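Encoded as structure tokens, the structure appears first; notes follow it.
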Amino acid sequence: MKKPIHFLSILCGLIFFSSTSFAQSTLSFGGIYSTPMGEFGRSDIREGGFAQPGFGFQFEAQMQVPALIDEIRIGIYYSYQNNPIDIDALNNGFNEALQGNATAYLQGGGFRPVRVMIGPSYRAELSESFSATFKTGIGMLVANMNPINIQAYDSNNDLIFSDALYFQSDVSFSYLVGFDVDYKLSNYWSVGLFADFSSAKETLYAAFDPGNSINGEQYVAFLNSGIHLRMNM
């Protein structure tokens with residue numbers, strides 16, 4: 001499974017390239033509040049992701065391309081977040097599926113989506129102090145799901161099963177659509193609010209033992225919003 005540090009190394013290389021190859025660039029760092037959308041946040045044992053709102057962080061680089069007008073820039077985005085799962089709802093759904101043949105207790109789980117995106121943006125100066133940026137991007141997303149510990153008991157309350165279910169996810173194509181509103185603090189610094197939406201169709205592999213995995217598809221969609229600090233270079 002890919003680790004966030006691998007994506008960070010890619011991002012650092014892209015940012016270094018951008019700072020030396022483009023006329024003007026901005027860098028920003030912000031905190032994320034992530035809201036699951038659609039079936040990703042649905043509590044449905046057949047197709048729901050049981051994901052709950054969570055937190056994370058986002059890096060962003062915006063580069064001005066000399067061949068384009070000043071308002072159009074190329075953006076590179078990296079984000080990492082933690083969306084816990086509704087373990088109580090998952091327990092209820094799992095036990096309903098067992099139809100009384102056993103009683104199961106589940107613990108753990110949770111998604112840790114990672115995004116790396118690149119795409120164009122359009123920046124509009126609203127006044128001397130305020131600006132708005134509309135951005136889009138395409139790239140890759142990895143869902144990264146934590147293992148779920150499962151224990152099952154029979155009608156006599158005797159333990160009949162205990163193991164951890166592990167997950168692995170493929171790198172999937174994803175996209176980003178969003179906007180920022182920034183307030184200029186000085187010639188070099190600004191602070192702003194941002195919101196963006198991303199979605200991907202993930203393939204998840206689940207296994208108790210390596211080599212005996214089963215796979216399924218999960219739509220991962222979320223709306224991220226937050227506050228960032230931007231540096232003009």
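The values are calculated or read from the model by the stated rules, or taken from the named source; none is laboratory data. Nothing here was measured: the structure is a model prediction, and the numbers come from that model. Every residue, glycine as well, gets a Cβ built from its backbone with ideal geometry; the counts of neighbours run over all protein chains shown.
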(message) Could you check segment 12-54 and list, in sequence order, the residues that are assigned to a strand (DSSP E or B) and either modelled with pLDDT under 90 or of a type in the set (Phe, Trp, Tyr) (or both)?
(response) GLN24, SER25, PHE29, TYR33
(message) Every residue in segment 99-122 that is in contact with a Lys or Arg (Cβ under 8 Å, 6 or more places away or on another chain) and either small (Gly, Ala, Ser) or crowded, with 19+ Cβ neighbours inside 10 Å (or both), please.
(response) VAL114, GLY119, SER121
(request) Return a yes/no flag: does segment 138-157 have any residue that is charged (D, E, K, R) and either touching a Lys or Arg at 6+ places or on another chain (Cβ under 9 Å) or assigned to a strand (DSSP E or B) (or both). (result) no
(request) Scan ASP154, ASP163, ASP170, ASP182 and give me the residue that is modelled with pLDDT of 95 or more and acidic (Asp, Glu). (result) ASP182
(message) Just the residues that are within 12 Å of ILE148 (Cα to Cα), in a helix (DSSP H, G or I) and of a type in the set (A, V, I, L, M), please, taken from segment 88-118.
(response) LEU90
(message) Against the definition (of a type in the set (S, T, N, Q), in a strand (DSSP E or B) and more than 17 Å from PHE40 (Cα to Cα)), how does GLN168 come out, yes or no?
(response) no
(request) Sort out which residues of segment 55-92 are of a type in the set (A, V, I, L, M, F, W, C), more than 22 Å from LEU176 (Cα to Cα) and in contact with a Gly (Cβ under 9 Å, 6 or more places away or on another chain), and write them in order of number. (result) ILE85, ILE87, ALA89, LEU90
(request) Just need a number here: residues in segment 142-182 that are farther than 19 Å from SER199 by Cα, exposed (fewer than 14 other Cβ atoms within 10 Å of the Cβ) and among the aromatic types (Phe, Trp, Tyr). (result) 1
(message) Out of the residues in segment 171-192 meeting the condition of being among the aromatic types (Phe, Trp, Tyr) and outside any loop (DSSP other than H, G, I, E, B), tell me which one is nearest to MET37 (Cα to Cα).
(response) TYR175
(message) Please go through segment 196-226 and give me each residue that is modelled with pLDDT of 85 or more and in a loop (DSSP other than H, G, I, E, B), ordered by number.
(response) PHE208
